[in-house]
Structures are given as C-alpha cells and as structure tokens.
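Okay, structure first, notes after.
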Amino acid sequence: MIWPASTRAADKSTLNNLLAAYDGESNAQARYRAFAKKADDEGYTKVASLFRAAARAGEAHVAELSRVVKKMGGVPKAEVKDAEAKSTKENIEAVIKDTTRECESLYPEFIALAHSEGNKDAKKVFNYAKAAAKELSGLFADGLAKLEGMKGGTLTVYVCTVCGFAALELPEEKCPSCFEPLNKFTKIV
Ligand SMILES: [Zn+2]
C-alpha cells in the first residue's frame, strides 16, 4: 500500500489516520487491480483471483473509512496514482511486505490512538483493516510458496463486504472479524 509520508509525521490524530487509511486503501485497490491483470497476463490466474479478492476487501474498507470520516465532519479524499505492475512474483512480495506492515505496526498504532481518544468507530474500522491485512498476507504468502501451482484455473475467495475479511473457505457461522452473518460474504474468483 502506498502511504503518503506526510501522514506519518507530525499532527497525529485519528482523523488524519482515517484520511491516510482512506488514501492508502484507495491506492491499494488500484494496485491490486493492476496486479490482477498482470497475473492473468502471466498465466498466474489463481494469483489474479487473490488480487481481485484483495481489491474487494479494500473496497469494503474504503466505504467504511469514508463513513467514519464523514461522521467526524471530515471530507474523504484520495489521490489515486497510476499503479505500476512489476512481475507477479515481485507484486506478491510487495503486497506481503505492505500487508505485514499494516497488520503489525501501522494499524496497531492507529488503533492505539483511536482507543486513547475513545473513538470506537475509528477503532472498529482500523481493526477490520488490520484483520483483513493479516489474512491477505497469509493468503499471498501461501500463493508465493507454491507459485508455479498458481497457474491455470481460478481460486474462489470469500470476502466479507462489511469488514474485508477474506478466506478460501466460507466461515461456518458468521464473519470471524466483524461477526456479521454469512450473507454479507461475496464470492470472488
Ligand atoms: Zn466481516
């Protein structure tokens, strides 16, 4: 994910973090779509499914971030840059690096600040994004480990449209991240 450097520096506030996340997730979606196309072009069609699922998860985060920003009186805006796709292997490696950083440091910091400010809405959406980043990181790491097996056919990925949780199997009862019912899931191939 591309995070504007300025948003990590001074003037830390939950509203700024929400805006940074909105911009970051919007750019990530563009990158995932470009990476999906590249993966299809290179024959890694199952990896393309993963990238499409990641884009759908990002769409859920962007919608929820927008809602929370507006509720706080802010204006959600993103500067979506043209996404540059390298080789599929490099694209996967870049996504693993980014999603790992998101779930291990970036979102935990945002969550801690939102918690200290008593901002439950922000804390919830950051938790959604953190959980989704963790799942996606695992899915892409598995894909990278068996990259040659990712050629031909598609993968079915179940994505929660509320929180962006993504998994190769539909959870048994409800979404393990946001606890919404299974009818909130969409199937991405
Ligand atoms: Zn969910």
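Here, each number is a calculation from the coordinates, and none is a lab measurement. Not measured: the values here are computed from a predicted model. Cβ sites come from the backbone with ideal geometry, for glycine too, and all protein chains shown count toward neighbours.
Would you be able to tell me the number of residues in segment 35-62 that are surrounded by fewer than 16 Cβ atoms within 10 Å (Cβ to Cβ) and without any contact (Cβ under 8 Å) to a residue 24 or more places away in the chain?
1
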*Going through segment 15-33 one residue at a time, which ones are polar (S, T, N, Q) and surrounded by 23 or more Cβ atoms within 10 Å (Cβ to Cβ)?*
Asn17, Ser26
*What is the one condition in (1) outside any helix (DSSP H, G or I); (2) within 16 Å of the ligand (Cβ to nearest atom); (3) of a type outside the set (Lys, Arg) that Asp121 does not satisfy?*
(1)
_I'm checking my understanding of the structure. Among residues of segment 125-164 that are touching a strand residue (DSSP E or B) at 6+ places or on another chain (Cβ under 7 Å) and within 13 Å of the ligand (Cβ to nearest atom), which one is nearest to Leu18 (Cα to Cα)?_
Ala132
*Within segment 68-83, work out how many residues are assigned to a helix (DSSP H, G or I), touching a residue at least 40 places away in the same chain (Cβ under 8 Å) and exposed (fewer than 15 other Cβ atoms within 10 Å of the Cβ).*
1
